[in-house]
Structures are given as C-alpha cells and as structure tokens.
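The values are calculated or read from the model by the stated rules, or taken from the named source; none is laboratory data. Being a predicted model, the structure only gives us computed values, none of them experimental. Heads up, the Cβs are rebuilt from the backbone with ideal geometry, glycines too, and the neighbour counts pull from every protein chain shown. Accessible surface is based on the protein model in full, side chains and every heavy atom, while ligands, DNA and RNA are left aside. Shrake-Rupley method; radii C 1.70, N 1.55, O 1.52, S 1.80 Å.
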Amino acid sequence: MVTEAGEAASSFTADTVWRESLSTDEAGRLTVDLGAIADNYSHICAMHPTARVGAVLKADGYGLGAAHIAPVLAKQGCGEFFVAHLAEALALKPHLPPSACLYVLNGLAPGDEACCAAEGIIPVLNTPHQARAWYALALAQSRTLPAALQVDTGMSRLGLDERELEDVLGWPEFAQLIDIRVLMSHLACADLPATAANASQMLRFALSGARLASVPKSLANSAAALGLPEAGGDLLRPGLVLYGVDPGTGMPPQMRAAIRLDARIIQIRDISAGAAVGYGHDYVADTPRRIATLSVGYADGWSRGLSGKGAAWHAGRRLPILGRISMDTCVVDVTGLPEGCGRPGDLVELIGPHQSVEDLAGLLDTTPHEILTSLGGRFMRVYVDGTAPHAKDAIS
Ligand SMILES: *Cc1c(COP(=O)(O)O)cnc(C)c1O
C-alpha cells in the first residue's frame with residue numbers, strides 16, 4: 001500500500017487484490033465507488049436543506065454507468081433525474097422507481113411527443129415549437145401533460161427568450177393543459193462565482209420566474225450548488241460533484257473521489273541510451289531505461305494530449321509517459337520502481353489518490369467533465385461500495 005496523504009481519504013483496496021480478477025483482454029479497470037456517490041449526494045442535500053436535489057445523469061452518468069448510479073441516488077431520496085436525450089431517459093427508466101421524474105434536457109425532438117407522453121418522460125421545452133407540439137398533444141389527448149420550461153437568461157444555448165415565454169404563457173389554457181413542473185435556466189459562468197454574468201443571469205431568471213410564481217425554480221449545476229448558494233432555487237441539478245470531482249469552485253472536505261482508473265502493464269523492456277520510443281521517435285533515452293507498455297491509449301480516452309507530459313503512478317512513484325500515446329497503448333518509464341515491482345499484468349494508477357480527474361483536466365486544458373465522458377468502453381467497469389465489490393459489469 002502506498003501511504004501518500006491522499007490515500008487516507010480513499011477506501012479503495014490494494015493493487016494486488018485488483019490484479020487477480022482483471023481479465024486479460026480489458027484495457028484496464030474503471031472503479032466507481034457507489035458509497036462515495038451516495039455520501040456526496042447526501043452532502044449536497046445537507047448544504048441545501050430547503051431545496052430538492054436532483055441528479056444529472058446524461059451521457060450514461062458521465063460515462064460511469066447511469067444504470068448503476070441512479071438506483072443508489074434514488075435510495076438516498078433523489079426523485080428527479082436529468083438526461084440529455086429521450087433514448088437515455090428510456091434506458092434509465094427501468095432502473096428507477098415509478099415515482100421518479102425523468103427530464104430530457106435537450107428538449108422535445110420532432111416526432112418524440114407521443115413516445116414521451118406514453119412513457120411518462122418529462123420534456124424540457126426549449127423552443128416555442130416544442131411547447132406548441134406538447135400543447136397540441138395535450139389538447140388532442142384531452143389531458144394534462146408535464147413539462148419543464150427552460151428560459152435562456154444569457155447563455156444563448158437552449159431555452160425560450162422573454163418574449164417567447166410571454167407568448168407561450170398566453171396560449172389559451174396553456175397553464176391548465178401543461179403541468180409546468182419546473183422553470184429552469186443554466187448559468188454560463190457558475191465556476192466563477194464572482195463574475196457579473198451570474199448576477200445578470202440570476203436577475204433575468206427572477207424576472208421570468210415572477211411570471212410563474214408558484215412554479216419551482218431550477219438554476220444550479222455543481223459549481224453553483226457549491227459556490228453560488230443564492231442561485232440554488234427549489235431544485236438543484238448537480239452532475240460532476242456527485243463523483244467528488246471539483247467543478248472549479250473548491251470542494252467541501254467531506255466530499256470524496258468516487259472514481260479510480262487503472263491500466264495494465266502488458267510488456268516490460270530495458271532500453272539502452274539512444275533508443276527511441278513510440279511514433280515519431282519523440283522520446284529518445286539519454287541513459288539506459290526500463291520502460292513499460294500499458295494497455296491503454298487515446299481510443300480509451302487516455303488523451304493523446306498527455307504524450308510526453310502525463311504520467312501513471314505505481315507504488316507511490318510517478319511513471320512519466322514517454323513519447324506519443326498510441327491508439328491502444330502508451331509507454332511509461334518504470335526505471336525508478338523498486339526491483340520486482342511493476343510486472344506484466346500489474347495495474348498502474350491513471351486516476352486515483354495520486355492523480356485526480358482535476359489534475360488531468362488541468363494538464364489537458366479541458367473540463368473534468370470531458371475527462372470522465374471520454375473514458376472508453378474497453379475499461380472494465382467495477383462498482384464497489386467502499387471496499388467490498390458488490391457488482392461487476394464488464395463492457396467490451
Ligand atoms: C450538464 C448539465 C448540468 C450538470 O452540470 P455539472 O457541471 O456536471 O454539475 C446541469 N444542468 C444542465 C442544463 C446541464 O446541461
């Protein structure tokens with residue numbers, strides 16, 4: 001076991017245990033700690049005692065397995081789930097209690113209306129056209145249909161503008177036919193809480209909200225949930241922070257990382273000074289080196305941008321990436337490992353106590369969201385609760 005400070009906060013088991021059950025054709029192992037996700041969710045609830053806390057599980061729960069994560073959150077009392085597409089909602093529905101509300105953030109696509117209504121999925125109405133189609137279906141079926149209304153308050157991405165909202169609310173019996181469950185908007189700069197754009201968006205949201213005084217309001221993603229409490233509203237929509245990943249605002253110390261990613265060593269060799277490594281010969285050894293080839297590459301979401309600058313970790317040592325990352329492999333320097341440590345078949349840490357999702361996002365100048373959603377289907381997904389593996393799901 002390594003004993004770095006970060007290890008204390010992690011409940012993951014020692015590398016030797018993990019190695020045993022790794023099948024030989026997997027790129028590596030993506031371990032998701034469902035207990036940490038449940039605790040992180042509860043912590044957000046405790047931070048916002050008067051609001052409801054939903055969960056954003058679009059893109060298969062940021063690539064981590066929405067079908068595994070959603071029931072855990074439902075057990076913690078989460079009743080509202082957001083995905084991007086109707087197909088995602090339909091796939092998630094069997095994993096949730098019948099009382100759960102499933103919202104489709106990207107709106108009501110033309111032709112999806114009947115399916116959405118029949119399946120009890122709640123569309124987020126983003127345009128007058130979508131609102132009109134849902135309203136027409138309610139009229140045709142002589143029944144009330146549920147919806148979320150989104151207003152654009154300054155991000156210019158999705159939602160009705162003020163004039164369109166006025167227009168839609170003026171349709172005869174709209175308020176009777178459409179059960180507006182929530183009025184929502186989205187902040188462009190929530191990760192920079194002091195930015196004037198937030199105040200401006202909140203003001204515009206409040207003005208639209210005044211038209212629908214009795215309707216619950218929803219504005220906060222993870223960054224706003226942590227750093228902009230005044231944006232909170234009645235229903236929060238955190239995604240990233242459920243996994244204990246910092247959305248850029250800093251993290252309460254109680255929240256903990258729920259993800260670990262390990263890759264397998266598939267070959268070790270000793271090279272002499274002057275030997276070149278990988279495509280383009282970008283790395284040439286200046287002294288004799290021991291190098292390890294890992295079974296992970298850019299096709300797995302281990303970005304080519306990490307070529308020559310990223311690292312893996314093993315036994316508390318940093319293993320620098322040598323040369324360019326290939327599609328299915330990359331090469332790291334294991335010269336510094338103690339004798340007998342780091343053999344073919346061993347797992348090395350790519351994300352864990354020594355290297356966080358945030359660290360990788362920083363190296364690649366991107367968001368932690370992109371790091372998570374890039375992790376490919378060749379990693380074996382393993383779901384644990386603290387230390388005890390209780391569910392496995394090999395995806396290949
Ligand atoms: C993705 C998304 C969220 C969640 O964002 P996080 O930064 O992961 O918390 C919330 N609301 C909307 C509309 C989104 O698209």
Check: Of GLY35, GLY61, which residue is within 15 Å of the ligand (Cβ to nearest atom) and either over 20 Å from MET255 (Cα atoms) or of a type outside the set (A, V, I, L, M) (or both)?
Finding: GLY61
Check: Tally time: how many residues in the range 347-396 are of a type in the set (Asp, Glu) and either at positive phi or at pLDDT below 95 (or both)?
Finding: 3
Margin query: Would you confirm, using the coordinates I've provided, whether THR144 is of a type in the set (Ser, Thr, Tyr) and closer than 21 Å to ALA213 by Cβ?
Written below: yes
Note to self: Suppose we keep only residues that are open to solvent by 10 Å² or more (accessible area, probe 1.4 Å) and either over 13 Å from ASN198 (Cα atoms) or aromatic (Phe, Trp, Tyr) (or both) within the range 223-236. Which one would you say is nearest to the ligand (Cβ to nearest atom)?
What the structure shows: LEU226
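For every residue, the table says whether it meets (1) over 14 Å from GLY244 (Cβ atoms); (2) within 16 Å of the chain's Cα centre (by Cα).
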{"position": "ALA36", "(1), (2)": "no, yes"}
{"position": "SER42", "(1), (2)": "no, no"}
{"position": "GLY54", "(1), (2)": "yes, yes"}
{"position": "ALA59", "(1), (2)": "yes, yes"}
{"position": "CYS78", "(1), (2)": "yes, no"}
{"position": "PHE82", "(1), (2)": "yes, yes"}
Note to self: Of the conditions (1) buried (at least 17 other Cβ atoms within 10 Å of the Cβ); (2) on the phi > 0 side of the Ramachandran plot, TYR243 satisfies every one except a single condition; which number is it?
What the structure shows: (2)
Check: Across the range 287-318, what is the total count of residues that are farther than 18 Å from ASP359 by Cα, open to solvent by 30 Å² or more (accessible area, probe 1.4 Å), of a type outside the set (S, T, N, Q) and more than 21 Å from the chain's Cα centre (by Cα)?
Finding: 4
Next item on the list: Sort out which residues of the range 183-196 are within 16 Å of the ligand (Cβ to nearest atom) and more than 22 Å from VAL241 (Cα to Cα), and write them in order of number.
Entry: LEU183
Margin query: Of the residues SER185, SER156, only one is open to solvent by 60 Å² or more (accessible area, probe 1.4 Å) and free of Cβ contacts under 8 Å to residues at least 40 places away in the same chain; which?
Written below: SER156
Note to self: For the range 173-182, which positions are closer than 20 Å to ASP161 by Cα, outside any strand (DSSP E or B) and either in contact (Cβ under 8 Å) with a residue 12 or more places away in the chain or within 12 Å of the ligand (Cβ to nearest atom) (or both)?
What the structure shows: PHE174
Next item on the list: Write out, first by first residue and then by second, each pair whose Cβ atoms fall under 6 Å of each other, whose residues are 6+ apart or on separate chains, and whose first residue, in the range 334-350, is within 11 Å of LEU319 (Cβ to Cβ) and surrounded by 22 or more Cβ atoms within 10 Å (Cβ to Cβ) while the second is at pLDDT 95 or above and among the basic types (Lys, Arg).
Entry: VAL334/ARG290
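Name the one entry in VAL296, VAL277 that is touching a strand residue (DSSP E or B) at 6+ places or on another chain (Cβ under 6 Å), over 30 Å from ALA84 (Cα atoms) and in contact (Cβ under 8 Å) with a residue 40 or more places away in the chain. Walk me through how you get there before you give the answer.
Details: VAL296 fails: over 30 Å from ALA84 (Cα atoms).
It is VAL277.
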Next item on the list: Considering (1) surrounded by 17 or more Cβ atoms within 10 Å (Cβ to Cβ); (2) among the polar types (S, T, N, Q); (3) part of a loop (DSSP other than H, G, I, E, B), say which one SER214 fails and leave the rest.
Entry: (1)
